[in-house]
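Structure record follows, encoded as structure tokens.
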Amino acid sequence: GDARVTLSWTAPTVTGGSPITGYVVQYRLANSAVWLDGTTVGANARTATVSSGLFNGTSYVFRVAAVTAFGNGTFATSGSVRPIRR
């Protein structure tokens, strides 16, 4: 979408015995090593839209992790994504 990216994922099956309380989404420029906070969503969410800080035509990489009482789980990382104006 226009300066935004919508991500979707499947909930992890292993949570260390603690229920999922939400998900954290981060992103970075494709040529950078610095992760930025994208958004957080609730425990039942399986999608999230990141729109703040994105620019059309710029390549980004996204990652999402489940959050439990133990903290963030393992991040699942996307390939390179480039928002475009439709």
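The values are calculated or read from the model by the stated rules, or taken from the named source; none is laboratory data. Because the structure is predicted, anything quoted here is derived from the model rather than measured. Cβ sites come from the backbone with ideal geometry, for glycine too, and all protein chains shown count toward neighbours. Side chains included, ligands, DNA and RNA excluded: accessible areas come from the protein's heavy atoms. Shrake-Rupley method; radii C 1.70, N 1.55, O 1.52, S 1.80 Å.
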Taking all protein chains in place and a 1.4 Å probe, what share, in percent, of the accessible surface of region 1-79 do carbon and sulfur account for? 53
Positive-end extreme of charge dipole, the chain - chosen from ALA66, ASN44, SER8 (charges on Cβ): SER8
Give me the orientation-averaged projected area of the Cα convex hull of the chain, in nm², one decimal. 5.5
Expressed per residue, the solvent accessible area of region 1-84 in Å² (1.4 Å probe) is about 57
